[in-house]
Amino acid sequence: MYEAVIPLLVAIVFDWWLGDPSWLPHPIVGYGKMIAFGEKHLNKDRHRQLKGALMALFLIAAVFVGVWSLLFILPPYWRAGISTLLIFFCLAGTTLIREVREVFRAVDRSLEEGRKQVARIVGRDTSELSAQEIRTAALETLAENLSDGVIAPLFWLAVGGVPAMAAYKMVNTLDSMIGYQTERYKDFGCWAAHIDDIANYIPARLTALLMVIAVGRPHLAGFVWRNGRQHASPNSGYPEAALAGILDCRFGGPHYYFGELFDKPYIGTNGRLLTTQDMKTAVWVNRTAEILMIVLVAGVLMLRSTW
């Protein structure tokens, strides 16, 4: 019964301890290289939307089948070890928390340091951001990453095991690289973005629910529902709205991505200044929601192992 849960728990310990150490080769880098290679050779001439869709589907299927096949042929002890390693690689909570802490420390030292530090974790143009905008961007990313980097991978682990978890990371990497409404990617990355929307539909809402449960404030559910669906993304708005409600602050607004202005709606109405204490609260909420999800997924895995 516990064979299904032990790799998860060991992987969580390693993630909390190590994060994503730079000295360890990461398979997501390999994902990125495959996507970049396909984009370079396919994102040109005619039928870009079709070619982008076929590339996305092929890469997602290839990861799922490849991981499933590997685990199928391995003996039990090797299977447990590889499963632990893959789960560890698929989780991205600790590194982002460390990065967000560094953003707040950097912006307290100087505006320029803050801009450089936040550029490590966001896709928007940071060269003109104010100190408030830097802190806001960091906390928005923290909330969104709780869904994309922690809750969603764990959700897909519960649904389809390690192969589904690894395939989800390919979905997420595709979206983060080509799922933009810019001139270059709006056709080729269209289906990558749609697939990511589908894969994150339940996890994003589950993330918001876990965050609300973590702070014991169920009355925030209405705030999350009203504000979350106002976001340009069908999913990102829900964890962002949950954190905005918990902190009683305001997220969103206009941002530059790849030189183009995107006017995102505001989430929340209190445009107060964000502080280091807000960051500490947000980190606590993230960790608590993650623990709740781990308990939930462990229960599902144990139940499935008895079938």
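Each reported figure results from applying straightforward, stated rules to the coordinates on display, with no laboratory input. Note that the structure is a prediction, hence the values are computed from the model and not measured. Here Cβ is always computed from backbone atoms with ideal geometry, including for glycine, and neighbour counts include all displayed protein chains.
Extending 7 Å from Cα along the Cβ direction at residue 58 and again at residue 40 yields two label points whose distance is 1.6 nm. Taking amide hydrogens as placed 1.01 Å from N in the peptide plane, the amide H of residue 217 sits under 5 Å from that of no residue at least 5 positions away in sequence or on another chain.
So for region 3-157, what are the equivalent ellipsoid semi-axes in whole Å, largest first, each being the square root of 5 times an eigenvalue of the Cα gyration tensor? Display every interim value, and only then the final one.
On the way: eigenvalues 199, 123, 28 Å².
Each semi-axis is the square root of five times an eigenvalue, giving 32, 25, 12 Å.
Electrostatic bookkeeping for residue 16 treats Lys and Arg as +1 and Asp and Glu as -1; over the other residues with beta carbon under 14 Å from its beta carbon, the sum is -1. Of the chymotrypsin sites (Phe, Trp or Tyr not before Pro) in region 1-54, the ones in a loop by DSSP (not H, G, I, E or B) with at most 15 other beta carbons within 10 Å are 23.
Largest mean-square fluctuation among 167, 244, 232, in a Gaussian network model of the chain whose springs join Cα atoms under 10 Å apart, belongs to 232. When the charge dipole of the chain is built from unit charges on Cβ atoms (+1 for Lys and Arg, -1 for Asp and Glu) and taken about the Cα centre, the candidate among 89, 68, 103 whose Cα reaches farthest toward its positive end is 68.
If the chain linking residue 194 and residue 232 were pulled fully straight, counting 0.36 nm for each residue of separation and taking away their Cα-Cα distance, it would gain 12.4 nm. Between residue 73 and residue 277, the simple spin-label model (points 7 angstrom out along Cα→Cβ) gives 5.8 nm. Pairs from the table (40/186; 33/116; 51/169; 33/186; 33/169) lying more than 22 angstrom apart at Cα are 33/116. When Rg and Dmax are taken over the Cα atoms of the chain, they come to 19.3, 57 Å. Over region 171-307, the alpha carbon radius of gyration divided by the compact-protein estimate 2.2 N^0.38 Å works out to 1.18.
Size check on region 160-209: the Cα extents along the three principal axes, sorted descending, read 35, 25, 12 Å.
Across region 90-103, computed HN-Hα scalar couplings (Karplus, 6.51 cos²θ - 1.76 cosθ + 1.60, θ = phi - 60°) run 7, 9, 9, x, 5, 4, 5, 4, 4, 5, 5, 4, 5, 4 Hz from first to last residue, x flagging Gly and Pro.
Within the shell defined by Cβ-Cβ distances under 10 Å, the residues around residue 95 carry a net charge of -2, with Lys and Arg each +1 and Asp and Glu each -1. Net charge in the neighbourhood of residue 269 (other residues with Cβ under 13 Å of its Cβ; Lys, Arg +1, Asp, Glu -1) is +2. Across the chain, the relative contact order, built from alpha-carbon pairs under 8 Å that are at least six residues apart, equals 21 percent.
How large is the convex hull of the C-alpha atoms of region 1-79 per residue, in Å³?
133
Taking label positions 7 Å along the Cα-Cβ direction at both residue 113 and residue 201, the computed distance is 4.6 nm, reported to one decimal.
Database remark: amide H of residue 266 closer than 5 angstrom to the amide H of 253 (H placed geometrically; neighbours at sequence offset of 5 or more, or on other chains; Pro and chain starts carry no H). Working note: Karplus 6.51/-1.76/1.60 with θ = phi - 60° gives region 57-62 the couplings 5, 5, 5, 5, 5, 4 Hz, where Gly and Pro are set to x.
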